[in-house]
Each structure stands twice: as structure tokens, then as C-alpha cells.
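The values are calculated or read from the model by the stated rules, or taken from the named source; none is laboratory data. What you see is a predicted model, and the numbers here were worked out from it, not measured in a lab. Cβ placement follows ideal geometry from the backbone for every residue including glycine, while neighbour counts extend to all protein chains displayed. Only protein heavy atoms, including side chains, enter the accessible area calculation; ligands, DNA and RNA are left aside. Shrake-Rupley method; radii C 1.70, N 1.55, O 1.52, S 1.80 Å.
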Amino acid sequence: MTLNKNILGFLAISIICFLSALPAVAETEKPEVSFAIIELTPYGMRGDDGLPTGYFWESAQALLEETGLTYSLSLLPLKRMIKEVEAEREDCVFIARTHLAEKLVRFLEPIGQDVVAGIVPAAGDAIRKFDDLLSHTIGVPIGVIFHKQFETDDRLDRVRTVDYSTSVEMLIRNRVTAIAGNLDSFRYFAAKSGRDPDKVFGEPLLFNKIPIWLACGKTTPDDNTMNRLAAAMRDLREKGVFKAIIKK
């Protein structure tokens, strides 16, 4: 019995010594790259299973896996994302290359896709110039602001909608004759409802078409990490990886 107690005591001491020699838990370690994703469909969102998805989210995962760097991903509303990147609590983002963004980040590589905003009519119709809007009732999701003249012209019949999905349904049900906002979002919600976007929408009037880039903070991450990210971006873009994710 005494021998058994001695053996047990020895094993207990050995386990304690072994555990104390283990490295710190990985969760406490800072990742080499923290990546912020805008919470806006179809770029970043929660899927039906409640998990983050969207083509920025999946593109960031593909990019970071390609680099072999340790990383974290955060899904954030636009205003918070900008604040986190500006304060360099988040290292990198996918973002439209605007004059405002130029002041906040360093641009590395384009993803090969544009943010396109405009006014979309129903199938079979076309909006070719601004004055064509005068004959339309235009659904505009709450919070969408993209063109000063469109926002301030009192001649226009603008109807605020709850969100992009509602705008698409209102267009399909002829409750409005055109919808305003991000074309990617409109096409996504049309497809999600089981409809072919090419058969739902007509020829849009485009106001903004801005390329999307991989961008990082003014001082973070370090140059070596930036070079690895840029090289991985070029490789995946040339292989068509991002295009495949966007199409899906």
C-alpha cells in the first residue's frame, strides 16, 4: 500500500512538472495579422447557421491561409471597422479605394472586383441618364447615401426601405419601379430568393464604380508580413480564386 502511495505521489509531481513546462495557451497569443471584415451583405454577414460568411470573409480566409500566418477575423459594422483600423487595433481590411481611405490605410493589391453603386430598374427597363429617374419611384435602403444630387434633388420620388432584401422584393412586386444602392447586394438577395438576377433587373444608371483593394494600417503589420500578404494576393488573384468565391 505504501509503495502504491509513493508511485501515485511520483506521478502527480511528474504531471505538475510537465504541465508547468508547457507553453502558454495559444488563445492568449497575438495573431500575426488581425483582419476586419465589413458587416454588409454580401461582403460580410451571418449565414443561416449563424456563422460569419460572405465573399470578403471567405476571400480573407483564403488569403491568410495562403500566407501561412496566424490570424484573426472580425465581422464589424462600417463605422467601427474604420475606427479599429484607424487606431490600428485591426491590421488589414478589404476596402474601396477612395480619397478618404487613402488617409487611413496603405493599399497593397486589388482583389479584382469593384464596388458598384447606382439605380437599378426592373427587367426590360433601362435608366440611361439622371432625368430618367423623374419617372420612377425609387426604393432606397435606410442608411444608403452614395450620391449628393440623388439625395438632394426634390423632384425625385424616393421611398425608404428597411434593407436591401426588402428593396428587391418591392421591385419584384412592382411597389417601386427602381431601387438604389450597391449592385452586389441587390444581385445577392435576388439570387438568394431563388431568382436569376439577370431576369430581375434592367439596365442600371451607375454613379460610383470603385476598385476593392487589400489594405493595411499605416504602421502595422511589419514590412515582411505586408510583402507576404501582397504576394499571396497576386497569386490567388491570378489563379482566379477570388473570382470563384465572388461568383459563388
(request) May I have the extent of the alpha carbons of the chain along their three principal axes, as whole Å values ordered from largest to smallest? (result) 95, 42, 34
(message) How big is the dipole moment of the chain about its Cα centre under a simple scheme where the beta carbon of each Lys and Arg is +1, that of each Asp and Glu is -1, and everything else is neutral? Debye, nearest 20, please.
(response) 260
(message) With +1 on the Cβ of every Lys and Arg and -1 on the Cβ of every Asp and Glu, and nothing else charged, how large is the dipole of the stretch 157-248 about its Cα centre, in debye rounded to the nearest 20?
(response) 180
(message) What whole-number distance in Å separates the alpha-carbon centres of the stretch 161-181 and the stretch 37-115?
(response) 27
(request) Could you name the aspartates and glutamates whose alpha carbon sits less than 15 Å from that of residue 247, not counting residues in the same chain fewer than 8 places away? (result) 58, 114, 184, 196, 198
(request) In Å³ and rounded to a whole number, note down the convex hull volume per residue for the Cα atoms of the stretch 63-143. (result) 173
(request) Compute the distance in nm between two label points, each set 7 Å from the Cα along the Cα-to-Cβ direction, one at residue 104 and one at residue 70. (result) 2.8
(request) Show the residues, 5+ positions off or on another chain, whose built amide H is closer than 5 Å to the amide H of residue 113. (result) 212
(request) Could you list, in their original order, any pairs among 199/243; 218/239; 30/218; 103/243 whose Cα atoms are separated by more than 25 Å? (result) 218/239; 103/243
(message) Can I get the semi-axes of the stretch 120-165's equivalent ellipsoid? Compute them from the C-alpha gyration tensor as square roots of 5 times the eigenvalues, in angstrom, largest first.
(response) 17, 15, 9
(request) Taking the dipole about the Cα centre of the chain, with the C-beta of Lys and Arg at +1 and of Asp and Glu at -1, give me whichever of 136, 60, 95 is farthest to the positive side. (result) 136
(message) Let me check I have the definition right: for the stretch 121-205, take the eigenvalues of the Cα gyration tensor, multiply each by 5, take square roots. What are those semi-axes in whole Å, largest first?
(response) 20, 14, 11
(message) Amide H of residue 39 versus every other amide H placed in the peptide plane: which residues, excluding those fewer than 5 positions away on the same chain, fall under 5 Å?
(response) 76, 78
(request) Using a 1.4 Å probe over the heavy atoms of the protein chains, calculate the carbon and sulfur portion of the accessible area of the chain as a whole percent. (result) 55
(message) Could you tell me the ratio Rg/Rh of the stretch 149-248? Both radii from Cα atoms, Rh via Kirkwood.
(response) 1.11
(request) Pull up the DSSP beta bridges for the chain and report the antiparallel fraction as a percent, rounded to 5. (result) 60
